[in-house]
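Below is one structure, written out as structure tokens; the observations come after it.
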Amino acid sequence: MAYSDKVIDHYEHPRNVGSLDKEDGNVGTGLVGAPACGDVMKLQIKVSAEGIIEDAKFKTFGCGSAIASSSLVTEWVKGKTLDEAGQIKNTDIAQELALPPVKIHCSVLAEDAIKAAIADYKRKAGKDDSAAAE
Amino acid sequence: MTALGLKTTPTNAATPARRPNVPVYLDYQATTPCDPRVVEAMLPWFTEKFGNPHSRNHAYGWEAEEAVEQARAQIAALIGADAKEIIFTSGATESNNLAIRGVAMFLKDRRNHIVTVSTEHKCVLDTCRHLEQEGFEVTYLPVGTNGLIDLAELEAAITDRTAIVSVMGVNNEIGVIQPLAEIGALCRAKGAHFHSDCAQAVGKIPLDVNAMNIDLMSISGHKIYGPKGIGALYVRRRPRVRLVPMIHGGGQERGMRSGTLATPLCVGLGLACALSQAEMVEESKRLLGLRTRLLGGLQQRLPEIYVNGDLDHRVPGNLNISFAFVEGEGLMMGVKGLAVSSGSACTSASLEPSYVLRALGLNAEMAHTSLRFGFGRFTTDEDISYAIDHIVSAVEHLRSLSPLWEMHQEGIDVSSVQWAEH
Ligand SMILES: Cc1ncc(COP(=O)(O)O)c(C=O)c1O
Ligand code: FES
């Protein structure tokens, strides 16, 4: 399989690799995929008081396209609001990285990961709100 | 130089020329380069000595026939057979089809049962599947975690309705060697034919069709530094094994495989066999040294790596390793300076990883993290040193990216996590 230059670039120089403190109330964590399927993505976002994603980190177990998709997404979400980030579509990722059809599911996984991270942040924020109201 | 700019003789009779900027080839189970000595021997049979080996009326035919018969004798010598027992085919795929289907069809009124193994090559398994659809009963024997069959299970599987038992000599993914002599003895005692797909075994380990009671053996040219597109099937004459041919025509190859023989390919396969035979002992020692160094070098520098398949009952030119917490396809991309193969199949239509590794009882996670390293005649010490450094740095890079490695470092048992499988 020939990978596009962009996939190779992200694979060789992944952006924003790492982890944020998942216990931090301002951090949302998305963990999607399964080792048995050959792909697991962990994507984390740190959200400012104004609701802007100020930092993002990822770790991915998977093929080059999965690594590139998650690396790209961390670049894209930074500086976005949660709503804007939630609108990133797997097709945008696939197009940007020129993924072949067999690799579309890697981009789907990246979309799922960002959605899961946002949901996790909102769940935590919601809990924090209700705790404050009591 | 010819008009096409191709060299007519190899620059170096011992080694094929290395191309710059091309990965180090560590995929010798997929195929091997044709030995330059083999290519050289084949060349005249394409051009000036182009006769049809079946032409009985002139010298062109005679010399071609003589060359083909010499090749047949060279193949036979390597496996302890008689030259008359060797049938030329297009490769091991055809040989496996012909052996299993041919014998099954010949015996179908008396014996409608076939025994094979779950880790066989696709061309054996698929032939068996088709025969199942045509009314045969097939037993697929399991293997142990080492990749070897259990002889007691084999013995229990063979009945007086068993037409043929097909067990490969050496597995193409994990290189393990099945106990052929013991299997042969069992088959002989129970009156079933014994076929062995020896595409990966011939020229790598000593084989003797008589000592091992093998009735049919499949051979492939391109796995033993011979040309692609040719193979052979050994068919025992005493006691005579009979089979129904698949290709009908002029009745060549004792009626079992019609068609004009490809003289240059036959000559190439013959010489490839002779070279393997002459060099087997020395070459095995050298390859074992390379493998020991590769494995040792990796184990010394990387934790959590596991060899798949038995290490003792194994051809020296194969290693199959799971690099825990690193996905195989991603790893292949990381080791792009090496041409290797992965047991992960996350790309293809099926998300199933290697069925051979699964048959060893490996879970899907570990099967997805595996790479196969195959080395052979033209692999050098430097290739192995380069491979070790390259693999170590790729695995370390990918582990630094792996959420599973991170969890493992934190003491979390990855297999106990509830994953949303898709
Ligand atoms: C064990 C085994 N059997 C059969 C084959 C098929 O051989 P051929 O390519 O000569 O048809 C191969 C090679 O892929 C093999 O490894
Ligand atoms: S992660 Fe499965 S093919 Fe990319």
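Pairs meeting the criteria (first residue in segment B:27-44 and under 19 Å from B:GLY317 (Cβ atoms), second residue among the aromatic types (Phe, Trp, Tyr) and surrounded by 16 or more Cβ atoms within 10 Å (Cβ to Cβ), beta carbons under 6 Å, at least 6 apart or on different chains) are B:TYR28/B:PHE375; B:THR32/B:TYR225; B:ASP35/B:TYR225.
Considered as a group, the residues in segment A:3-22 that are open to solvent by 80 Å² or more (accessible area, probe 1.4 Å) and closer than 15 Å to A:GLU75 by Cα include one that is farthest from the other protein chains (Cβ to nearest Cβ), and that residue is A:LYS6. From the list B:ARG238, B:ARG242, the lone residue that is under 20 Å from B:LEU216 (Cβ atoms), open to solvent by 30 Å² or more (accessible area, probe 1.4 Å) and out of contact with any Gly (no Cβ under 9 Å at 6 or more places or on another chain) is B:ARG238.
Within segment B:119-146, if we keep just the residues that are assigned to a loop (DSSP other than H, G, I, E, B) and more than 15 Å from the chain's Cα centre (by Cα), the residue that is nearest to ligand 1 (Cβ to nearest atom) turns out to be B:VAL143. Which one is nearest to B:GLY334 (Cα to Cα) among residues in segment A:1-46 that are within 14 Å of ligand 2 (Cβ to nearest atom) and of a type in the set (Ser, Thr, Tyr)? The qualifying residue nearest to B:GLY334 (Cα to Cα) is A:TYR11.
Looking only at segment B:79-118, count every residue that is more than 16 Å from ligand 1 (Cβ to nearest atom), open to solvent by 10 Å² or more (accessible area, probe 1.4 Å) and in a helix (DSSP H, G or I) and tell me the total. Total satisfying the criteria: 6.
Could you check, for segment B:163-183, whether at least one of its residues is part of a helix (DSSP H, G or I), away from ligand 1 (no atom under 14 Å from the Cβ) and surrounded by fewer than 18 Cβ atoms within 10 Å (Cβ to Cβ)? Yes: one or more hits.
If you go through segment B:260-292 and keep only what is closer than 21 Å to B:SER55 by Cα and open to solvent by 10 Å² or more (accessible area, probe 1.4 Å), you end up with B:THR260, B:LEU261, B:ALA262, B:PRO264, B:LEU265, B:VAL267. Any residue that is within 16 Å of ligand 1 (Cβ to nearest atom), closer than 16 Å to B:ASP197 by Cα and open to solvent by less than 30 Å² (accessible area, probe 1.4 Å) - is there at least one of those in segment B:64-75? Yes, some residue in segment B:64-75 is within 16 Å of ligand 1 (Cβ to nearest atom), closer than 16 Å to B:ASP197 by Cα and open to solvent by less than 30 Å² (accessible area, probe 1.4 Å). Being within 20 Å of B:ARG377 (Cα to Cα) and not aromatic (Phe, Trp, Tyr) is a property that B:GLY270 has. Can you say whether B:ILE149 is touching a Phe, Trp or Tyr at 6+ places or on another chain (Cβ under 9 Å) and open to solvent by less than 20 Å² (accessible area, probe 1.4 Å), as far as the supplied structure shows? No: the conditions fail for B:ILE149.
Rundown of residues vs (1) part of a loop (DSSP other than H, G, I, E, B); (2) within 12 Å of chain A (Cβ to nearest Cβ); (3) surrounded by 15 or more Cβ atoms within 10 Å (Cβ to Cβ), yes/no style:
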| residue | (1), (2), (3) |
| --- | --- |
| B:ILE384 | no, no, yes |
| B:ALA387 | no, no, yes |
| B:HIS390 | no, no, yes |
| B:ARG399 | no, yes, yes |
| B:LEU404 | no, yes, yes |
| B:MET407 | no, yes, yes |
| B:SER415 | no, yes, no |
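I need the full set of residues from segment A:84-98 which are open to solvent by 20 Å² or more (accessible area, probe 1.4 Å) and over 14 Å from the mean Cα position of the chain (by Cα), in order please. If the condition is that a residue be open to solvent by 20 Å² or more (accessible area, probe 1.4 Å) and over 14 Å from the mean Cα position of the chain (by Cα), then A:THR91, A:GLN95, A:GLU96, A:ALA98 are the ones that fit.
Evaluated against (1) away from ligand 1 (no atom under 16 Å from the Cβ); (2) outside any helix (DSSP H, G or I), B:GLY376 falls short on exactly one condition, (1). Just a yes or no: is a residue in segment B:301-311 without any contact (Cβ under 8 Å) to a residue 60 or more places away in the chain, within 14 Å of chain A (Cβ to nearest Cβ) and open to solvent by 20 Å² or more (accessible area, probe 1.4 Å)? No - not one qualifying residue is present in segment B:301-311. For segment B:35-48, filtered to residues that are open to solvent by 40 Å² or more (accessible area, probe 1.4 Å) and not polar (S, T, N, Q), the residue that is nearest to ligand 2 (Cβ to nearest atom) is B:VAL39.
Is it the case, given these coordinates, that A:ILE52 is among the β-branched types (Val, Ile, Thr) and touching a residue at least 40 places away in the same chain (Cβ under 8 Å)? When the stated conditions are applied, A:ILE52 does not pass them.
When segment A:23-68 is filtered for residues that are of a type in the set (Val, Ile, Thr) and surrounded by fewer than 20 Cβ atoms within 10 Å (Cβ to Cβ), only A:ILE52 remains.
The values are calculated or read from the model by the stated rules, or taken from the named source; none is laboratory data. All figures in this text were calculated on a predicted structure; none of them were measured in a lab. Using ideal geometry, Cβ is built from the backbone for each residue, glycine included, and neighbour counts are taken over all protein chains shown. Accessible surface areas use protein heavy atoms only, side chains included; no ligands, DNA or RNA. Shrake-Rupley method; radii C 1.70, N 1.55, O 1.52, S 1.80 Å.
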